[in-house]
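Below: the structure, in structure tokens.
The values are calculated or read from the model by the stated rules, or taken from the named source; none is laboratory data. Being a predicted model, the structure only gives us computed values, none of them experimental. When we count neighbours, we look across all protein chains shown, and the Cβ atoms used for this are built from the backbone with ideal geometry, even at glycine. In case anyone asks, the SASA skips ligands and DNA or RNA and just uses the protein heavy atoms, side chains included. Shrake-Rupley method; radii C 1.70, N 1.55, O 1.52, S 1.80 Å.
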Amino acid sequence: MKRVKLLELSTIVVVMICGGCVRESEMSVAREWAFEMEKVWEIQQIGEDELLRPAEPRVADDGTLYWHDFERHLSYIVSSDGKLVSTFAPRGSDEGEVPMYLNCFSAGDHVVICAMDKLHFFTKEGQFVKAVPNNPFVRFPLAFKNDNEFWVAPGALGDAPGSLAVVTHVNLASGKETTVHEFARSDAEKKPTGGGVVVGLTPQIKMGFDRQSNRLYFGKNSDTVIYRLAGDGGKVESFSFTGARYPVSETVKRNHFARFDIPEEALASMIGALPDQMAYYNRIQVVDGLVYMLSAKSISDTQTEQDVNVYSPDGRHLYYGRIEVEEGWHISGPDNMQLADGFIYAIQENDAGDKKIVKYRTRLPQS
């Protein structure tokens, strides 16, 4: 495995708490962090199935791993020691089946599969519980507190109805929906996607939920402000940062869509709606009370590294570093790496097209 490389000092973040400038004497100076990764296990075959197009790794509080194979149209559950527990949510229209998989969320004692028309709730072992109608284009789930409470927003800023992009807290038990925050949109953020949403490039609202403190962190990945919400409807506070956005060419965008049979006119429209720079970050995660912002340099499926910046709950920039996978392998997409308490999970691919899921033990900062 390659040695972990670290970000240049020029990426150090200058933090402003709650919209006000912090005095120079109070500013945190971020330090380099070496993740010191050690492989725990890897999966190249699950049961009798080879990995075809695995993606969407999600980790529950107990270390259970969920992921979806987009070519098999089937989701898998793997125990913390890398053993297959069960499969669930196959493609279909019957109870417990999913017509078209979009994404997956851990929801306390449940796991939720988001489809085009409903949210499908399962137990941690993959047993079907319920399905709730939902339109992901205007109510895209961002995080789940449990099987009744979650937060939604438009799936992409360009597809938001009206002039604002609204973050909403939903309570299925009470039927109550509460506006958490309203985002204004720039002209660039208002461009309709035409269905061409690309993680890490398309302007979106991102969110991370801390179950221990019941704190919520969210923001526009095309902006440099992160909001913090204490409780379901508590006071919204924020911190801001400076960061880098990497250029993306039209050729790279076209290559990204090459595996899909998209008519040229529609493809040109989708590419025209995409920014020419990567977002500031593609994922927010909260691990042991600290806020991790993961950012990718490209939408290419051949990236070998993931930049990470770590913040305190009040927005002080504590650490910055880079996670790099072993030589000969690359991360198979900006959304295919996830951190957990003391571990990193990464879906990887090599030039021959072989896929694997790897669990690493790592040293993470302590809050």
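Counting only strands (runs of 3 or more DSSP E) that fall entirely inside the stretch 59-136 and contain at least 2 residues that are open to solvent by 50 Å² or more (accessible area, probe 1.4 Å), the qualifying elements are 84-88, 128-133. Considering the stretch 252-267, and only residues there that are under 13 Å from residue 300 (Cβ atoms) and open to solvent by less than 30 Å² (accessible area, probe 1.4 Å), the residue that is modelled with the highest pLDDT turns out to be 253.
If you go through the stretch 206-219 and pick out every residue that is crowded, with 18+ Cβ neighbours inside 10 Å and either within 15 Å of the chain's Cα centre (by Cα) or part of a loop (DSSP other than H, G, I, E, B) (or both), you end up with 9. So, residue 174, is that one of a type in the set (Gly, Ala, Ser), over 30 Å from residue 268 (Cα atoms) and in contact (Cβ under 8 Å) with a residue 60 or more places away in the chain or not? No, not satisfied. Identify all residues within the stretch 225-251 that are in a strand (DSSP E or B), open to solvent by 20 Å² or more (accessible area, probe 1.4 Å) and not small (Gly, Ala, Ser); write none if there are none. Selection gives 225, 227, 228, 236, 237, 247. You will find that of 174, 222, the residue that is farther than 30 Å from residue 130 by Cβ, outside any strand (DSSP E or B) and among the hydroxyl-bearing types (Ser, Thr, Tyr) is 222 and no other.
One residue alone among 177, 189 is acidic (Asp, Glu) and touching a helix residue (DSSP H, G or I) at 6+ places or on another chain (Cβ under 7 Å), and that residue is 189.
Among the residues making up the stretch 137-171, a single one is touching a residue at least 60 places away in the same chain (Cβ under 8 Å) and assigned to a loop (DSSP other than H, G, I, E, B): 145.
In the set (1) modelled with pLDDT of 90 or more; (2) over 27 Å from residue 364 (Cα atoms), the condition left unmet by residue 232 is number (1). Number of residues in the stretch 332-363 that are open to solvent by 20 Å² or more (accessible area, probe 1.4 Å), touching a residue at least 60 places away in the same chain (Cβ under 8 Å) and not in a loop (DSSP other than H, G, I, E, B) equals 3.
The single condition among (1) within 26 Å of residue 111 (Cα to Cα); (2) open to solvent by less than 30 Å² (accessible area, probe 1.4 Å) that residue 193 does not meet is (1). Answer yes if at least one residue in the stretch 244-253 is touching a residue at least 60 places away in the same chain (Cβ under 8 Å) and out of contact with any Lys or Arg (no Cβ under 6 Å at 6 or more places or on another chain), and no otherwise. Taking every residue of the stretch 244-253 in turn, at least one turns out to be touching a residue at least 60 places away in the same chain (Cβ under 8 Å) and out of contact with any Lys or Arg (no Cβ under 6 Å at 6 or more places or on another chain). Taking the criterion of being open to solvent by 20 Å² or more (accessible area, probe 1.4 Å) and over 20 Å from the mean Cα position of the chain (by Cα), the residues of the stretch 40-58 that qualify are 40, 41, 42, 44, 45, 47, 48, 49, 50, 52.
Quick one: which of 140, 150, 144 is under 28 Å from residue 201 (Cβ atoms), within 18 Å of the chain's Cα centre (by Cα) and open to solvent by 40 Å² or more (accessible area, probe 1.4 Å)? Step by step, each of 140, 150, 144 is checked, and only 140 is under 28 Å from residue 201 (Cβ atoms), within 18 Å of the chain's Cα centre (by Cα) and open to solvent by 40 Å² or more (accessible area, probe 1.4 Å). When residue 311 is tested against (1) open to solvent by less than 10 Å² (accessible area, probe 1.4 Å); (2) at pLDDT below 95; (3) not small (Gly, Ala, Ser), just one condition goes unmet, and that condition is (2). Residue 270 meets the conditions (1) touching a residue at least 40 places away in the same chain (Cβ under 8 Å); (2) open to solvent by 10 Å² or more (accessible area, probe 1.4 Å); (3) touching a strand residue (DSSP E or B) at 6+ places or on another chain (Cβ under 6 Å) in every case but one. The failed one is (3). Criterion first (assigned to a loop (DSSP other than H, G, I, E, B) and either within 25 Å of residue 309 (Cα to Cα) or modelled with pLDDT of 90 or more (or both)) does residue 14 satisfy it? Yes, satisfied.
Pairing each residue of the stretch 109-136 that is touching a residue at least 60 places away in the same chain (Cβ under 8 Å) with any residue that is among the aliphatic types (A, V, I, L, M), provided the two are 6+ apart or on different chains, yields C-beta distances under 7 Å for 124/60; 124/111. Inclusion of residue 203 among residues that are more than 20 Å from the chain's Cα centre (by Cα) and part of a loop (DSSP other than H, G, I, E, B) is not warranted.
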